1. Please name which of L101, I38, S13 has its Cα lying farthest along the dipole of the range 1-105 towards the positive end, using unit charges on Cβ (Lys, Arg +1; Asp, Glu -1) and the Cα centre as origin.
2. Kindly report the accessible area of the range 59-145 per residue (heavy atoms of protein chains, probe 1.4 Å, no ligands, DNA or RNA), in Å².
3. As a test of the formula, what do you get for the chain when each DSSP H run with n ≥ 4 contributes -39,500 (n - 2.57) and the sum is divided by the residue count, at 222 nm and rounded to the nearest 500 deg cm²/dmol?
4. Would you kindly derive the ³J(HN,Hα) couplings of the range 129-141 from the backbone phi angles with the Karplus curve 6.51 cos²θ - 1.76 cosθ + 1.60 (θ = phi - 60°), listing them in order in whole Hz, with x for Gly and Pro?
5. For the range 1-55, calculate the relative contact order in percent as a whole number, restricting contacts to Cα pairs under 8 Å that are 6 or more residues apart.
6. State the percentage of accessible surface on the range 72-145 attributable to carbon and sulfur atoms; use a 1.4 Å probe and exclude ligands, DNA and RNA.
7. Which ³J(HN,Hα) values, rounded to whole Hz and listed in residue order, are derived for the range 19-26 from phi using the Karplus coefficients 6.51, -1.76 and 1.60 in 6.51 cos²θ - 1.76 cosθ + 1.60 with θ = phi - 60°, glycine and proline given as x?
Amino acid sequence: MDWWIKLDFFFVSLLLLYIAWKDITTRIISHFSLLMLISLFIPLFIMQEKMPNIAAAFIVFILCFILFIFHTMGGGDVKLLTILSLAFFNSFLLTFLITTLLFGGVIAIVGLIAFRRSTLDHGVPYAVAMSLAFILIYPTTIAVQ
């Protein structure tokens, strides 16, 4: 069963890299990609015999939606972060969010230095930070089980 989890995580990672690439190139996170992500999460949860963290995802959604209302965060980013939050519990969620913020800060600085006009006009492609943080942090949750 362990190799099924690794295989599913591999496909989740590939999909997240695709989402990150599309966010860089088009600044759009498609609904289809998010539905595919959820469909890959379902077997991941079943194989690990754990429930998704719906409470955390709801709180993340509410907080991010407030940022969306004030034009601080894009709608696709809100949905992606909410979906990714389903996979984390307790300190792992906090670690994931802090890692996402750190990666996002680095991406914003690089964007302002190397791609100033695009970053100022279109914002930071935050799906990159979320995807990298998930790929880095999630395997530690598997190892802890």
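The values are calculated or read from the model by the stated rules, or taken from the named source; none is laboratory data. A quick note: this is a predicted structure, and the numbers were derived from the prediction, not measured. Backbone-built Cβ (ideal geometry, glycine too); neighbour counts: all protein chains shown. Surface accessibility is based on the protein's heavy atoms, side chains included, excluding ligands, DNA and RNA. Shrake-Rupley method; radii C 1.70, N 1.55, O 1.52, S 1.80 Å.
1. L101
2. Working: 4800 Å² over 87 residues.
I get 55 Å² per residue for this part.
3. Details: 7 runs with 121 residues, N = 145.
Mean residue ellipticity, 222 nm, calculated: -28000 deg cm²/dmol.
4. Coupling constants for the range 129-141: 4, 5, 5, 5, 5, 5, 4, 7, 8, 4, x, 5, 6 Hz.
5. Values: 23 pairs, mean separation 25.2, N = 55.
Answer for the range 1-55 is 46 percent.
6. Numbers: 2710 of 3690 Å².
The nonpolar share, carbon plus sulfur, comes to 73 percent.
7. So the J values, rounded to whole Hz, are 4, 4, 4, 5, 5, 5, 7, 10.
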